[in-house]
Each structure stands twice: as C-alpha cells, then as structure tokens.
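Only one structure is covered here, and it is reproduced in the block below.
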Amino acid sequence: MAQHADNDTRDERGITRRDFLDGVAITAAGLAAASAAPHLTGAEAALAAMGDAGSSSAQVPPGYYPPTSTGITGTPDPVIRNVLRIDGLPNPNDPHSTKGGPGIETGKARPVDDDYDLVVVGGGASGLAAAKWYQDRFGADAKILIVDQLPDFGGHSHRNEFHIPDGGNGGADLMLLRNGGTVNLDSIGNWNKPAGGLLDIPGSYGQPAVDMLAFCGVDPNNFPSTTGPGIPSSYGMRAMLLFPAADWGGSDHVVRAKQASQTWPAFLATTPFSAQAQADIARIQTDLTDWIAVKDGPKTDQEKKAILAGITYKEYLKHYVGASEEAALYYQRVSHGLFGAGIQAVQAGDMWALGNPGFDGLGLTDDIFAGIGRTAQQDLDPTGGPTRAWPDGNTSLLRLLVSKLIPNAFGDVNGARPDQDTILVAPCDYTQLDRATNSVRIRLNSTVVDVQPGKGRRRRDHDARVTYIVAGARRAEQVRARHVVMACWHRVTARILDDLPRDQIKALDYSRKVPLIYCRVGLRNWQAFADAKISSVSPRGNSLFWDSTSLSAGVRFGASYGPTPNTPDRPATLSLTVTPDDPAELTQLASYERGRQEMLAMSFQDYEDAIVDVIDRTVNASGGDFEPERDIASIMLNRWNYGYAYELCSTFDPSLFGPVADQPHVRARQPLGNVAIANSDSGAFAYTHSAINEAYRAVQDLPG
Ligand SMILES: Cc1cc2nc3c(=O)[nH]c(=O)nc-3n(C[C@H](O)[C@H](O)[C@H](O)COP(=O)(O)OP(=O)(O)OC[C@H]3O[C@@H](n4cnc5c(N)ncnc54)[C@H](O)[C@@H]3O)c2cc1C
C-alpha cells in the first residue's frame with residue numbers, strides 16, 4: 001500500500017495499527033483482557049482493553065451462527081426499522097418520491113480502529129466482491145472494512161441451515177440446507193459475452209464475474225452434481241393447482257396440474273373456469289394466429305416487437321388475443337418470480353422473450369429489440385448456459401470468497417481448504433470476521449448512517465468518514481478510509497452519502513426494490529403430504545398469499561452433502577415463496593410499494609397462519625393429517641424488504657429505449673470524490689454476476 005503510506009500511520013490518539021500488529025503495544029491491560037477473552041489474539045485483546053476509546057462494539061460472541069436463526073430472517077425487524085428511518089415508508093402513490101425517512105440521529109460518533117484503505121458499505125455479493133477487486137487494484141495488503149447491517153454476510157445470499165431430529169435415525173440431528181435468498185448462478189455462458197446488444201447487457205464489463213468464479217475455484221463445466229434421488233415416484237406425489245373460493249366462489253378447488261399427456265381442453269375441463277375462460281386459455285396456449293396482424297394489419301418483426309414493448313402482457317392477452325378477465329387470472333402470477341409483479345405490470349415483449357404463451361403465431365425472430373428488459377435479453381440467448389446452483393444458493397460462492405479474503409474464518413474440510421463441493425459443509429467461525437489482525441474485516445449488525453467523502457487540502461481531511469450504529473450500542477462509531485465503496489442499495493446511498501448533487505439523488509431514488517419472501521419450513525416428517533399425494537401447490541387467482549408451495553426431500557450435492565432422507569417418516573423442507581404485490585397497480589414500482597406495505601404489516605404469527613392455511617386447504621383437504629405443532633420443527637422466514645434490483649420496464653420507463661448512458665442507474669452510479677457506487681442497483685440487473693461486475697466498475701471508478 002505504498003500510495004497510502006502517508007495516511008495510515010497515526011490516528012487522532014497517536015496510536016498506530018502497525019504498533020498493534022507488531023505486538024509492541026501489548027500493555028498490562030491488554031494482557032488482562034487477553035486472559036479474560038482467550039479467543040482474542042494479543043493485538044485484539046489490546047484493542048478490547050481500550051474499551052470505548054478504540055474498538056468497535058460490534059464483535060460477535062463465540063457460537064454466533066446466523067444461518068441457523070429461525071423466525072423472521074433475511075431482513076429482520078430491527079434492520080427494517082432502520083431502513084424505514086433512512087428511506088421512509090413505502091408509498092405506492094408516489095413511487096418516484098425522493099422523500100426519505102426521518103433519518104437516524106447519531107450524536108457524536110466515537111472514532112474506532114485505525115484508518116482503513118477501503119470501507120465498503122454493504123456486505124452482499126457486490127460489497128464482498130469490491131474487497132477482492134480492491135486488493136487486485138491497490139495491493140493484497142490493503143486494509144479493508146466491510147460494514148453490513150444484517151446479522152450475516154452475503155446480503156440476499158443467505159444460508160438456511162436446519163438441524164432437525166431425525167425420527168428415522170434414532171432422533172439424531174440431521175442437517176438440511178436451503179437457500180434463503182439467491183438461488184443460482186444464472187446463464188454463466190452469457191457473463192463474458194462481448195457487449196453489442198441494444199442495452200449493452202450482458203457483457204457490459206466482459207470478464208470480472210467469470211474471473212471471480214475462477215478466483216473462488218468454481219468451475220461451471222465441472223460442477224458438483226445436484227441431482228438428488230428426490231422423492232421416489234412410488235409415492236405418486238402430484239403437483240396441484242389451488243383455485244380459492246374467494247376468487248371462484250363456492251368452495252376451494254384443488255386440481256391436478258396439467259400433465260403432458262393431457263390436451264388443454266381436457267385439462268381445463270377439470271378446473272372451475274367458465275366455458276368462455278376455458279376457450280380463451282386454450283386459445284392462448286395453442287392457437288397459431290398472428291394476433292397483431294388480425295388487429296393492426298400486417299407488421300414487420302421489429303414493428304410487432306415495438307408494439308409488444310409498449311404494452312403489458314395482460315393488455316396483450318386481452319386486447320390482441322381476446323382473453324377475458326377471468327382467463328387472465330390463470331396467468332396473473334406467472335411473472336412474479338422474475339419481475340416481482342403481476343402480468344398487469346410487465347411488458348409483453350419481455351414475456352414473449354421468456355417463452356410465455358400466446359405469441360407463437362406472431363412468427364417473431366429470436367433477436368433483441370428496443371425496449372427489451374435485461375432479464376429477457378439474457379434469457380433470449382440460447383447459448384447462455386450453464387446455470388449452476390448449490391443447495392444453499394449463491395451463499396456458497398460468497399462463503400468461498402470470504403474463505404479467501406479471511407482464511408481464518410473458514411476451517412478446513414477433511415484436511416483441505418474448502419472447495420466448490422466441500423464449502424457446503426465447511427464450518428464458519430463468525431468471531432474471526434472482524435479481527436484487527438485481518439487485512440479484510442467484516443463488521444455485522446452495523447447500520448451505516450452517514451458517509452462523508454474526503455475533502456479539503458489538509459492530509460487528515462483526505463479520508464472519507466463512515467459513521468454507523470451497531471445494533472444495541474449506545475453511541476455511533478466512526479471509521480476513516482482513503483476510499484469508500486457504497487455497495488448498499490441506491491435509495492439508501494441517496495440518503496447517507498453527503499454532498500450528492502440533486503440530480504444524482506433523484507436518479508438513485510429511482511431504484512425501488514422488489515419485495516420477496518422465501519419461507520423455508522423444517523418438517524419433522526412429511527407423512528401428511530405423502531397421504532395426500534401432494535408435492536407442490538400453485539394457486540390461481542389473487543386471493544391466496546403464497547405464490548408457490550413445494551416439498552423437498554432426497555437432495556444430493558456432490559460428495560459433500562446428501563442424499564438427504566426421502567421417506568415420509570423423516571425430515572424434509574417445505575418451501576413457500578411470494579412476491580407480495582397489488583394486481584390493481586399498473587406500474588411495477590407502485591406494485592412493489594403496495595406489496596412492501598402488505599409485507600411489513602404482517603407479523604410472524606400472520607405468516608405462520610398463512611403457512612398453515614395453504615396446507616390445510618390442500619393437504620388436509622385431500623386426505624392428509626398435518627398438525628403444525630407436531631410436524632413443524634422450525635420456520636425460517638426469509639423476508640426481503642429490498643429484494644431484486646429494479647430492471648426498468650419499457651412500458652413505463654421510456655429511458656429503457658436507450659441510450660444506456662441516460663438511464664437512471666447509470667446517472668446514479670457516478671463516483672463522488674473518493675466514494676464510488678456499486679450494488680446490483682447500479683447495473684439495474686438483479687443478478688449476482690451484475691453485483692460482482694458493478695463492484696469491479698466501482699473500484700475502477702475510485703481515484704488512484
Ligand atoms: C429472494 C431473492 C432471490 C434471488 N435469486 C437470485 C438468483 O437466483 N440468481 C441471481 O443471480 N440473483 C438472484 N437474486 C438477486 C440478488 O439481488 C443478486 O444476486 C445479488 O445477491 C445482489 O447483491 P448486492 O450486493 O447487489 O445486494 P444485496 O445482496 O442486497 O447487498 C446489499 C447489502 O447492503 C446492506 N446495507 C444496506 N444498507 C445498509 C446500511 N445503511 N448500512 C450497512 N449495510 C447496509 C444490506 O444489508 C445488504 O446486505 C435474488 C434476490 C433475492 C432477494
């Protein structure tokens with residue numbers, strides 16, 4: 001760190017980091033602290049002995065292990081409270097609002113630690129990647145602090161680790177893993193394709209995300225197999241559709257999902273849809289009419305795509321294909337998983353590119369077009385594979401990254417460093433993440449409330465100052481750094497980074513996020529599901545809370561994990577997902593805000609009731625005997641208040657027609673002095689590779 005040598009020798013108390021690291025400053029107080037806290041190294045014990053004067057109060061106790069936390073995880077209540085104080089309440093009527101919350105009063109912040117080369121705000125994929133890219137650019141000995149408000153590192157990549165007594169194995173503890181957030185590394189083949197699309201996606205920066213896989217030892221072409229044996233077909237488990245009474249009248253209808261051997265009319269005859277709606281749905285699924293030509297006369301390929309880019313999928317189905325409102329209910333939620341909103345708010349061309357029904361007769365070519373969204377563009381490339389997943393989602397990639405950045409945090413597995421297979425079972429010691437002797441430190445449970453870019457001519461004013469509040473602490477703490485990367489959400493950056501130009505604040509504020517819930521239920525057994533022969537439930541209509549419910553057992557990953565048991569008397573996991581939204585809101589942004597309102601108004605008890613409700617109406621209504629108190633071991637409700645980055649939708653965001661440089665996320669991510677801006681928000685692209693690429697770009701944006 002030659003460039004920083006002048007700045008990193010002394011803090012305001014005249015104590016140097018290097019003094020500690022060399023051990024010469026270990027005092028009597030330090031020795032006493034060391035004997036009282038044997039898990040601390042000598043240097044850290046000295047810091048601890050300084051108490052209020054120098055060390056952060058964010059240290060986590062031995063045994064701290066957030067992957068096993070139950071109840072509301074993802075974004076827990078105290079963090080939500082802080083986010084609302086920084087960013088304000090959701091407001092669907094004013095989705096572009098630049099008005100923030102009341103703010104967080106810090107009082108006089110206590111300086112802690114010595115100066116850093118880099119402080120990263122946010123420890124998700126982008127923040128962790130920023131640390132690696134910074135080392136590459138400024139040197140491996142750079143002193144880096146990553147600060148995150150969550151109890152765990154990884155942001156949206158959160159590991160759910162269940163330990164359930166296994167009745168089929170004498171009650172021995174069984175570990176079952178699930179992803180609490182990010183699912184997979186999507187379309188890896190696309191990551192380093194040269195730019196050239198209208199939107200410059202994918203491949204904006206070429207190689208970084210691919211390089212990150214290599215750095216972490218992940219080989220997509222030689223990836224551990226995830227093909228578990230699953231639930232044996234002899235159990236006759238079936239995927240079911242639920243047509244709730246509230247949408248269709250009478251009582252609930254639980255219907256088997258369409259099978260490949262069935263014709264559409266034969267399947268639809270088993271549903272409560274009216275004859276008219278059945279005919280409409282069959283037409284959407286199978287008719288090869290060019291609906292645009294019928295309505296608007298002959299059009300070229302690009303003209304048709306321009307029409308689709310300007311309307312929603314629901315408008316297309318109703319106005320062009322002639323579907324009734326009732327028929328549209330069959331499709332209402334199909335866009336939730338990727339867009340976080342219903343078909344009234346997503347662009348028709350994107351839905352075509354993603355392979356949804358109703359477009360086959362248009363004869364469109366597989367080329368991108370003006371206004372196409374980023375996810376659709378990525379998906380349209382037939383050579384975009386492979387997609388890879390660990391049982392705990394992309395958390396494994398980030399655990400591998402942390403095992404490289406902070407080797408002492410991850411133990412060996414079978415005498416070797418964790419690799420892409422064994423990382424799944426590698427132990428993580430969270431007490432090692434924030435040690436003074438690390439070159440990279442991760443400070444958890446710490447909400448950053450103010451970032452002042454460096455300014456002024458005097459040397460001590462060059463550094464940026466980052467102020468944060470540790471959960472439960474009395475006083476704010478402050479660290480100084482030569483550089484800062486904001487890897488938190490754009491709307492938060494808009495409110496905590498000082499001196500931003502007004503136009504940039506507006507652009508940052510545009511990045512509303514998709515609210516999502518991935519709920520994982522650890523089951524002691526799944527006998528009730530076996531008796532009802534139900535493996536999954538998808539609702540139709542709008543009234544049921546969950547978008548999907550599915551059972552998982554018999555999972556295997558590589559040589560390190562599984563196969564997990566797959567008989568009904570033994571533990572399994574149930575997964576329930578939803579993107580809360582409002583089907584009456586026309587724009588995605590308003591729909592997100594309405595969904596966020598709903599999500600935040602629900603207590604854990606409400607969520608539990610919603611879990612039991614769907615099981616009751618399907619499994620128990622079909623011959624199962626599910627007893628929540630008997631059959632549920634624990635619940636991990638991964639609630640993501642600020643989930644996917646908003647990718648823009650051409651129907652409502654004309655800027656998506658280009659040029660890219662004028663789009664809000666590009667105007668938002670401009671560096672400010674010695675502070676640069678990362679996060680997947682700054683790519684308007686809700687993927688781990690985008691988060692990693694944007695971190696790379698942000699680190700290159702920093703002044704030398
Ligand atoms: C449920 C879910 C499923 C997903 N599935 C996939 C998938 O399968 N594949 C895929 O590629 N992508 C997926 N994504 C998209 C995901 O957003 C990206 O993959 C990526 O994880 C985003 O990383 P990030 O660092 O940009 O943001 P985040 O992961 O959100 O990290 C930002 C961090 O900043 C922290 N922060 C915010 N404000 C502050 C503050 N004031 N002080 C301190 N810290 C702060 C937050 O706590 C957070 O940890 C999914 C997202 C969700 C929510």
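Only the coordinates and a few stated rules stand behind these numbers; no lab work does. On a predicted model such as this, the values are computed, not experimentally measured, just so you know. Please note: Cβ atoms are built from the backbone with ideal geometry, for glycine as well, and neighbour counts cover all protein chains shown.
Some notes on this structure:
- Fully extending the segment from Gln605 to Leu586 would add 3.8 nm, taking 0.36 nm per residue of separation and subtracting the current Cα-Cα distance.
- Approximating the spin labels as points 7 Å out from Cα along Cα→Cβ, the Arg475-to-Gln597 distance works out to 4.2 nm.
- Proximity of backbone amide H atoms, modeled 1.01 Å from N, is registered between Arg256 and Leu241 at under 5 Å, excluding neighbours fewer than 5 places apart on the same chain.
- Residues Ser57, Ser603, ranked from the fewest to the most other C-beta atoms within 10 Å, line up as Ser603, Ser57.
- Normalised size of the chain, defined as Cα radius of gyration per 2.2 N^0.38 Å with N residues, equals 0.99.
- Among the listed pairs Lys99/Lys318; Lys455/Lys506; Lys193/Lys404; Lys143/Lys455, those beyond 31 Å (Cα-Cα): Lys99/Lys318
- When only the Cβ of Lys, Arg, Asp and Glu is charged (+1, +1, -1, -1), the dipole of the chain relative to its Cα centre reaches about 1120 debye.
- The stretch 464-517-the stretch 634-693 distance, computed between alpha-carbon centres (Å): 15
- Volume per residue that the Cα convex hull of the stretch 454-540 spans, once the total is divided by residue count, Å³: 193
- Remark: the Arg256-Asp499 segment gains 81.7 nm on full extension, using 0.36 nm per residue and subtracting the alpha carbon distance.
- Peptide ranges 421-434, 627-640 listed from the most packed, as the mean C-beta count within 10 angstrom indicates: 421-434, 627-640
- Amide H contacts of Val346 (H built 1.01 Å from N, in plane; Pro and chain starts excluded): Tyr313, Lys314 sit under 5 Å, all sequence-distant by 5 or more or on other chains.
- Look at the alpha carbon pairs under 8 Å that are at least 6 residues apart: their mean separation over the length of the chain gives a relative contact order of 22 percent.
- Ordering of 479-488, 77-86 by packing [mean C-beta count within 10 Å, highest first]: 479-488, 77-86
- Gyration tensor (alpha-carbon) shape descriptor, the stretch 609-674, a/c threshold 1.5: oblate
- Value of relative contact order over the stretch 94-223, rounded to a whole percent, pairs C-alpha under 8 Å and six or more apart: 15
- From most to least packed by mean Cβ count within 10 Å, the peptides 296-308, 685-697, 152-164, 135-147 give 685-697, 152-164, 135-147, 296-308.
- Only aspartates and glutamates eight or more places from Lys132 in sequence, or on another chain, were considered; those with a Cα closer than 16 Å are Asp117, Asp141, Asp211, Glu694, Asp701.
- Phi-derived couplings, Karplus 6.51 cos²θ - 1.76 cosθ + 1.60 at θ = phi - 60°, listed residue by residue for the stretch 169-177: 9, x, x, 5, 5, 10, 8, 10, 10 Hz, with x used for Gly and Pro.
- Computed from label points 7 Å out along Cα-Cβ, the spacing between Lys299 and Glu629 is 6.0 nm.
- Net length gained if the chain between Ala140 and Ala246 were fully extended (0.36 nm per residue, minus Cα distance): 32.2 nm
- Computed from the Cβ-Cβ distance with R0 of 56 Å, the FRET efficiency linking Ala661 to Asn222 stands at 0.90.
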